[in-house]
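Encoded as structure tokens, the structure appears first; notes follow it.
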Protein chains: 2
Amino acid sequence: MTAHASHPELTKNQALVFGSLSDAGGPLTAYAILDLLRENGFRAPLQVYRALDKLVEYGMVHRLESLNAFVACSHKGCSSHGAAAFAICEECGDVSEFSPDEVISLLKNWTESRGFRLSRTTIELRGTCRNCVLEN
Amino acid sequence: MTAHASHPELTKNQALVFGSLSDAGGPLTAYAILDLLRENGFRAPLQVYRALDKLVEYGMVHRLESLNAFVACSHKGCSSHGAAAFAICEECGDVSEFSPDEVISLLKNWTESRGFRLSRTTIELRGTCRNCVLEN
DNA sequence: GTCACTTATGTAATAATATAACGCCAAGAA
DNA sequence: TTCTTGGCGTTATATTATTACATAAGTGAC
């Protein structure tokens, strides 16, 4: 559950999908990944979705719920880390990942106080990034 | 932008959709709403989606991104309020809405410090609610 | 080895979610 | 009136995700 380093052995499909996301440097939908990988022999959505499932499980890829898209985890050395949050610019599509530890810890307090067993946390901020604000 | 009270005049379709969600007491997908409202003359998804768009805009309904579903805002008097967060039980489907003011304010600080103009905040916690934990 | 088991894969078909494009009608403003 | 706006109805289509079934490749037990 902790991180990438503990899962160095990706299958061929998983490696291809992770490569696409890393190269993209931003979010891609499953079908966008499929199109990128057709030249590598990909034929069907399931090949992408299955790889994504594993990559998300390994913590190497995050799913952006509000975009129905996926993004490579931005943790440099791929070391272990907790829940992530995302700031999504609706102008340019840029996505910044960050780790709001204090926020996570407050949310954990809330869940614990209610006996809610937390398994996954989604935090996504939509808006306009600094660059795009300045341009307008 | 603040709330329901300022939008008492719903159209027929909006009122029907909001009624479905209120009666359900939990999240419904657009297509589930459509099925519920067929007896009221609904025929096409767009009738539901258009009403939902408005209801979300009015703050009377929230979209749950991780479920692709919609839920009536649980604010009793429908008075104004800030961003909402949701704890979603994956066992029973129960959804608890809450307003983690401190969390919101931390996230706002983060965005402001980066010149990110925040327009919408999504916070969804997936896990198992107390009742379901006790039952297992 | 080979048996059983698990995991990954390939493929076709389909389900579930969401939007585009068109035209119509009613209400209010000019 | 005419213009504009917003809501509505309908058809078609786009986008996202899964089910179902068959094949192949690894792994440990024996």
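The values are calculated or read from the model by the stated rules, or taken from the named source; none is laboratory data. The structure displayed is predicted, hence computed values, not measured ones. Counting neighbours? That spans all protein chains shown, and the Cβs are built from the backbone with ideal geometry, glycine included.
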Of the residues in region A:120-133, those that are within 21 Å of A:SER74 (Cα to Cα) and out of contact with any Pro (no Cβ under 9 Å at 6 or more places or on another chain) come to A:ARG120, A:THR121, A:THR122, A:GLU124, A:LEU125, A:ARG126, A:GLY127, A:THR128, A:CYS129, A:ARG130, A:ASN131
Does A:SER105 satisfy the condition of being more than 16 Å from DNA strand C (Cβ to nearest atom), of a type outside the set (A, V, I, L, M) and touching an Asp or Glu at 6+ places or on another chain (Cβ under 6 Å)?
-> no
Could you say which residue among B:SER96, B:SER113 is under 11 Å from the mean Cα position of the chain (by Cα) and not β-branched (Val, Ile, Thr)?
-> B:SER96
Picking from B:THR128, B:THR121, the residue that is within 9 Å of chain A (Cβ to nearest Cβ), closer than 22 Å to A:GLU91 by Cα and either surrounded by fewer than 13 Cβ atoms within 10 Å (Cβ to Cβ) or touching a strand residue (DSSP E or B) at 6+ places or on another chain (Cβ under 9 Å) (or both) would be B:THR121
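Yes/no matrix, rows are residues, columns are (1) at pLDDT 95 or above; (2) under 20 Å from A:ASP23 (Cβ atoms); (3) in contact with a helix residue (DSSP H, G or I) (Cβ under 8 Å, 6 or more places away or on another chain); (4) within 7 Å of chain B (Cβ to nearest Cβ):
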site: A:HIS62; (1), (2), (3), (4): yes, yes, yes, no
site: A:LEU67; (1), (2), (3), (4): yes, yes, no, no
site: A:ILE104; (1), (2), (3), (4): yes, no, no, no
site: A:SER113; (1), (2), (3), (4): yes, no, no, no
Within region A:82-101, can you find the residues that are part of a loop (DSSP other than H, G, I, E, B) and in contact (Cβ under 8 Å) with a residue 60 or more places away in the chain?
-> A:GLY93, A:ASP94
Given (1) within 12 Å of another protein chain (Cβ to nearest Cβ); (2) within 15 Å of DNA strand D (Cβ to nearest atom); (3) not in a strand (DSSP E or B), where does A:LEU134 come up short, assuming only one miss?
-> (2)
Residues of region B:69-89 satisfying the condition of being within 11 Å of chain A (Cβ to nearest Cβ) and within 15 Å of DNA strand C (Cβ to nearest atom) = B:ILE88
Any residue in region A:55-70 that is surrounded by 16 or more Cβ atoms within 10 Å (Cβ to Cβ), in a helix (DSSP H, G or I) and without any contact (Cβ under 8 Å) to a residue 60 or more places away in the chain?
-> yes
The lone condition A:VAL61 fails out of (1) within 12 Å of the chain's Cα centre (by Cα); (2) within 16 Å of DNA strand D (Cβ to nearest atom); (3) among the hydrophobic types (A, V, I, L, M, F, W, C); (4) under 30 Å from A:ASN136 (Cα atoms) is (4)
Considering (1) at pLDDT 95 or above; (2) more than 15 Å from DNA strand D (Cβ to nearest atom); (3) not small (Gly, Ala, Ser), say which one A:LEU46 fails and leave the rest.
-> (2)
Scope region B:32-43; condition without any contact (Cβ under 8 Å) to a residue 24 or more places away in the chain and either within 11 Å of DNA strand D (Cβ to nearest atom) or touching a strand residue (DSSP E or B) at 6+ places or on another chain (Cβ under 7 Å) (or both); matching residues = B:LEU34, B:LEU37, B:ARG38, B:GLY41, B:ARG43
